[in-house]
Amino acid sequence: MKKFTIIAIFVAMTGGAATAQAIGSIKVKSQPAIEQLMQKHVSYNIQHPKIEGYRIRIYRDNSGNARQRSQDISERFSEQFSDIPAYRSYDNPYFKVSVGDFRTKDDALKFYINIKRQYPTAYIVLEDINFPAL
């Protein structure tokens, strides 16, 4: 059943225009609209190199010294965890420090458990993250 479904999807996507050239290779003829859509997708990803994921917010404040405090917390975190990136941001009126680029909430939770004693007000947030290194 599974094999039939995959073949049916492949045939539907290619309009039945797939032909085998030689053993181990397949030539796929597709409609120009599919090629254009694929190029749009690639172009968008180049212009927007982020994906949805999770970070841990270790600081958020709007007090008079929040700018300097966010800088200090970001530097202290980077010294402690040099392999985890720290991101400072300003979202009026809050200065924020978020850390990590986690693809899943489970990954974020594992790291959160490691830092919750040092950063007791930390919490996990859904954000656009950088693509992981290959």
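Please treat every number below as a calculation from the coordinates, not as lab data. In this text, all values refer to a predicted model and were calculated from it rather than measured experimentally. Using ideal geometry, Cβ is built from the backbone for each residue, glycine included, and neighbour counts are taken over all protein chains shown.
So here's what we get for this one:
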| quantity | calculated |
| --- | --- |
| Rounded if a/c under 1.5, otherwise prolate or oblate - the stretch 82-134, Cα gyration tensor axes | oblate |
| Neighbour-count ranking [beta-carbon atoms within 10 angstrom, fewest first] of D101, D128, D61 | D128, D61, D101 |
